[in-house]
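Any read-out appearing in this document is the output of simple, stated calculations on the displayed coordinates, not a laboratory observation. Here the structure is a predicted model, which is why all the values come from computation and not from measurement. Here the Cβ is made from the backbone with ideal geometry for all residues, glycine too, and neighbour counts use every protein chain on show.
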Amino acid sequence: MKVVVIGGGTGLSTMLKGLKEFTSHITAIVTVSDNGGNSGLLRSELNIIPPGDIRNCLVSLANTEPIMKDLLQYRFKDGSLKGQNFGNLLLAALTDLNDGNFNNAIQITSKVLAITGKVLPVTLDKVNLHATFSDNHEVIGETEIVEYGKQTQSLIKKIVLKPEDVKPTPDVLNAIENADLIILGPGSLYTSIISNLLVKNLSNAVATSLAKKVYIANLMSQPGETTGLTIESHVKELEKYIGAQVIDAVIISSTKIKKKYIKKYAEEGAHLLRYNKRDKLWKRVTMIEADITRVNETEGYIRHNSVELAQCIFQYGG
C-alpha cells in the first residue's frame, strides 16, 4: 500500500515510527513554514528551509544504529553552540555543499540513515504564514500567529502562504496522485497541516486523488490555534482548505486519560478535543475510535502510541 502523510511537528514524526512497521511505501510531505527556535534561527541566518520537522521525520524512518539517531537529535548544551541541534546543522551543511539544494541534502541524509520511504518538504521556496484572526488583526509568521492567539484568545479566520504561488517540491503531486491512502495529521491544524494544503495545486491534488483520505484527530487543543474547536470543526476547516468534502474517515482516541494529566495541560490552556457522535458530519465520514494514546508518566505528555495508531490506520485502509 502506498501511503502519503501530510503534516509536521511531533505528531507526524511519532506516527511515522509506527507506519514503517507496516509498509515501506511511505512518503512524508512536511511543512516548511516554521520560523521559531533553532530551525527558525538557521532559516534566517543561512537562508535555508527550516530543517527541524524534516530532521525528525528522517530519524523516525531511519533504519540505522541508535547512535546515529541520537547524533541527529543531539542538542549542544554549552558554549556558542548552546541550543543548536546537530541534525539541523548537518542538513544546513549538506545544503551548502550542494549549492543550496535542500532536497539533495535530504536525499543524502536519507541514504546515510537508510530510511524507510521518502521525506519531501512540501515546497523548496521560502514561505511565511499570514493569518487573519476573528478580531481582523493580521499576523505574519508561524510563531507569531500562535503567540497572538494565546494572548488574545482570538480564533484564526483565514490563513494564507506568502508568496501565494509557491510550487510544490518535485514528486509531491505525483506521490499524492498515486497514493492508496492519504493521511492528514496528526499535528497543529493550521500551522502543520493546512499550511501544506496552501501550496499551489496541492489541495486540488488531494481532492482529486482516488486514495482513501483519513484525518488523525489531535488528542489535545493547541492554545493560540484551536482553543475551543471540536474534532468536527477540525474536519470542516480541513475540507474548506481542500476545497471539497473528501475526508473518508477520522481516527479518534478513546483512551481514558487520568485527570491529573488533563489538569497539567489545562494549566497551559489546552483541553481534550471533544466531539459529538450525533453531529451530521458522521453520516458521511466514518468515525474510528481506538485506544491509541500513551502518557509519559514522568513528564506528563500525552501522545499517540505510534504502533497502535499505525495498526488502526492499516485496519481501515487495508
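Quick notes
- Length added when fully stretched, Q245-N296, from 0.36 nm per residue minus Cα-Cα: 14.8 nm
- Applied to the stretch 277-289, the Karplus parametrisation 6.51 cos²θ - 1.76 cosθ + 1.60 on θ = phi - 60° returns per-residue 3J(HN,Hα) values of 4, 8, 4, 5, 3, 6, 6, 10, 10, 6, 8, 10, 9 Hz, with x for Gly and Pro.
- Computed over all pairs of different Cα atoms, the Kirkwood value for the hydrodynamic radius of the stretch 46-108 is 12.1 Å.
- Evaluating 6.51 cos²θ - 1.76 cosθ + 1.60 at θ = phi - 60° for every residue in the stretch 109-115, the Karplus couplings come out as 5, 4, 5, 4, 8, 6, 6 Hz, glycine and proline recorded as x.
- Along the axis of the charge dipole computed for the stretch 242-298 (Cβ charges of +1 for Lys and Arg, -1 for Asp and Glu, origin at the Cα centre), the listed residues I251, T293, N276 are led at the positive end by N276.
- More than 20 angstrom apart: percent of Cα pairs within the stretch 104-238: 52
- When the P(r) is computed for the stretch 83-138, the part past 18 Å accounts for 49% of the Cα-Cα pairs.
- 18 Å Cα-Cα reach of K150 towards aspartates and glutamates, excluding residues that sit fewer than 8 places from it in its own chain: D34, D135, E138, E142, E225, E267, E268
- When the convex hull of its Cα atoms is projected in every direction, mean area for the stretch 1-124 (nm²): 7.3
- Here the stretch 1-120 is treated with +1 on each Lys and Arg Cβ and -1 on each Asp and Glu Cβ, and its dipole about the Cα centre works out to around 260 debye.
- Compactness index (Cα Rg / 2.2 N^0.38 Å), the stretch 202-244: 1.30
- Average projection, convex hull of the Cα set of the stretch 128-177: 4.3 square nanometres.
- Convex hull of Cα atoms in the stretch 232-279, direction-averaged projection (nm²): 4.5
- Contact order normalised by residue count of the chain, Cα under 8 Å, 6+ apart, percent: 20
- Other residues within the sphere of radius under 13 Å centred on the Cβ of D135, judged by their own Cβ, net out at +1 (K and R +1, D and E -1).
- Which of H130, L90, L120, positive extreme of dipole for the stretch 80-141 (C-beta unit charges): L90
- Cα-centre dipole for the chain with unit charges at Cβ (Lys and Arg positive, Asp and Glu negative), debye to 20: 920
- Under a 5 Å amide H cut-off, with hydrogens placed 1.01 Å from N, K158 pairs with T132 among residues at least 5 apart or on other chains.
- Which listed pairs, of K17/K111; K158/K259; K82/K263, have C-alpha distances above 28 Å, in listed order: K158/K259; K82/K263
- ³J(HN,Hα), Karplus 6.51/-1.76/1.60, whole Hz, each residue of the stretch 190-195, x for Gly, Pro: 8, 8, 10, 9, 4, 4
- Volume per residue of the convex hull around the Cα atoms, evaluated for the chain, comes out as 138 Å³.
- Pairwise alpha-carbon distances in the stretch 86-184 exceed 21 Å for 54% of all pairs.
- Distance histogram in 10 Å bins (all Cα pairs of the stretch 211-318, percent per bin): 13, 44, 35, 8, 0
- Computed over the stretch 2-75, Kirkwood Rh from alpha-carbon pairs, angstrom: 13.1
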